[in-house]
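First the structure, in the form of structure tokens, and then the observations on it.
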Amino acid sequence: MEKETVEFNELIARRIPPGDKWELVIDKKNVINGLVPTLNQYMRKTEFKGHYRLEPLNSKLFAIKTKEVTIEEPEPEKFDLYGEY
């Protein structure tokens, strides 16, 4: 079996309009003023040091994470014509 590294976006914060206020998904009782302090707070709480993705029109901030996935080989196709069933 083969392994492959897959990237995925994990939602970490939502913007609270109006302005530049953010709410971390892991700490919804705290409202943080500013994007940089939000990132700083997330990194302190999770120790994640990686890449981030911002969707300003959707008011969302994501951490780009990776995970290893096992790729299983597909079973060979069988045909009635050859009496394989």
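The values are calculated or read from the model by the stated rules, or taken from the named source; none is laboratory data. It should be emphasised that the depicted structure is a prediction, and the values quoted were computed from it without experimental measurement. Neighbour counts are summed over all protein chains in view; Cβ atoms, including those assigned to glycine, are modelled from backbone coordinates with ideal geometry.
Consider only pairs whose beta carbons are under 6 Å apart and that are at least six residues apart or on different chains; among these, list those whose first residue lies in the range 8-36 and is over 18 Å from residue 52 (Cα atoms) and whose second residue is part of a strand (DSSP E or B) and among the acidic types (Asp, Glu).
If the second residue must be part of a strand (DSSP E or B) and among the acidic types (Asp, Glu), the pairs left are 16/23; 31/23.
Among what's in the range 56-85 and is of a type outside the set (A, V, I, L, M, F, W, C) and part of a helix (DSSP H, G or I), pick the residue that is modelled with the lowest pLDDT.
Top of the filtered list is 82.
Can you tell me how many residues within the range 24-55 are assigned to a strand (DSSP E or B) and surrounded by fewer than 16 Cβ atoms within 10 Å (Cβ to Cβ)?
So the answer is 10.
Quick check on residue 78: is it basic (Lys, Arg) and surrounded by 10 or more Cβ atoms within 10 Å (Cβ to Cβ)?
yes
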